[in-house]
Amino acid sequence: MDIYVLARYPFLSEAKEVVRRENVRTEEILHDPIYERARDIGRQRVTDALEEGVVGGYPVASETDALMNIFSYPIARMIVASVGHPYFRGRYALAEAKRAYEFLQGESRDFLLQVARELEVAVDDDLRLHFADYLRHAPTRSQRWKLVNMPLSQGWLSLDHRELARVLQNAIQHRLFEELRDMRPPSEISNVFREEVTAIRNTLQQREMREKAEMGEASVAKLPPCMRMLLAAIQTGANVPHVGRFTLVSFLNAIGMDTEEILGLFAASPDFDRERTRYQIEHITGKVSGTDYTPPSCASIKTWGLCPTDKMDAICRRVNHPLSYYRIKGRRRK
Ligand code: SF4
């Protein structure tokens, strides 16, 4: 693969091999003026992930530019790992994956297959994806991507070029997040990028505080009818579909409840299994998966048959999202 292509996909093993072959010590990457540009792009990657939610757009007019882009990636990863925040790891992984998706759509079929192989995504030459990897990586919460809406034959699903690129986006995101989770950055990183690491931590903290202030104290009394119904069903041991559990947990997480508080609410269920439930909660809240899922809108909840229309009240008729309901109810209670 030529170096310009690798600059677009700096997480691929061939790009890592380029870095390895250059035989540069971490010390040099962090301090040598030759890598100043790589450090700048690395900072930019991280800032763009935080502020824009997608990285990229850095000029690649020469081989040196391409090389600096490749080097900027391990630098950015070290900064992200130093920040040490699960939400930010997830956000950065998603930002890199989104950028890759933009490029992947314009690549050849062979290239997509090569990327799929590296990510251990089972795709055959006819762009048929094995359903196990489909369930693992496809954005199946969107109606269009529901398994029932896809042509499935003997365990394989036919995708078009763009669909495969989209599945690869998620596979990239999952891979990058796992790598970041296991990464132990050199302590020197915190010194060299102290300013950036501190600024990002402050921004994340301010966002959390702002969101908490907006939501007020987490309170079951402010839950909209759909969430009250789901919670009651779980607490009485009724059969709640996965999408219902997902809806409720992502909502409780968004209003500021932590894993222990959510576990406390679920503990009333007669078939309560603490460890299994903990794993499910941590998956949805991003501690295991790296993706901090946002709660679904009223439209999705209605599509899934989880909105109790007979219990909708005046606030329900004003909102499009259960979080808006919760905020309005909080203001009224104040
Ligand atoms: S209208 Fe929205 S907030 Fe109200 S119960 Fe239905 S889904 Fe929940």
Worksheet item: Restricting the search to the range 299-323, which residues are of a type in the set (A, V, I, L, M), more than 6 Å from the ligand (Cβ to nearest atom) and under 11 Å from THR247 (Cβ atoms)?
Response: LEU306
Discussion item. Being among the charged types (D, E, K, R) and either touching a Phe, Trp or Tyr at 6+ places or on another chain (Cβ under 7 Å) or modelled with pLDDT of 90 or more (or both) is the filter here; which residues of the range 311-334 pass it?
Written reply: LYS311, ASP313, ARG317, ARG318
Fill in: Residue match in the range 252-269 (condition: of a type in the set (S, T, N, Q), surrounded by fewer than 16 Cβ atoms within 10 Å (Cβ to Cβ) and in a loop (DSSP other than H, G, I, E, B))
no
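So which residues in the range 36-90 are among the small types (Gly, Ala, Ser), out of contact with any Lys or Arg (no Cβ under 8 Å at 6 or more places or on another chain) and surrounded by fewer than 17 Cβ atoms within 10 Å (Cβ to Cβ), if there are any at all?
Our first condition is that a residue be among the small types (Gly, Ala, Ser); within the range 36-90, this holds for 38, 42, 49, 53, 56-57, 61-62, 66, 72, 76, 81-82, 84, 90.
Now narrow it down to the ones that are out of contact with any Lys or Arg (no Cβ under 8 Å at 6 or more places or on another chain): 38, 42, 57, 61-62, 66, 82, 84, 90.
Residues satisfying the conditions are GLY57, ALA61, SER62, GLY84.
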Item to complete: Starting from the range 106-121, take each residue that is closer than 19 Å to TYR134 by Cα and list its partners that are among the small types (Gly, Ala, Ser), counting only C-beta distances under 8 angstrom and pairs at least six apart or across chains.
Response: LEU112/ALA165; ALA116/ALA122; ALA116/ALA171; GLU118/SER13; LEU119/ALA171; VAL121/ALA171
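The values are calculated or read from the model by the stated rules, or taken from the named source; none is laboratory data. The structure presented is a predicted model; accordingly, all values stated were derived computationally and were not measured. Cβ coordinates were reconstructed from backbone atoms using ideal geometry, including for glycine residues, and neighbour counts include every protein chain displayed.
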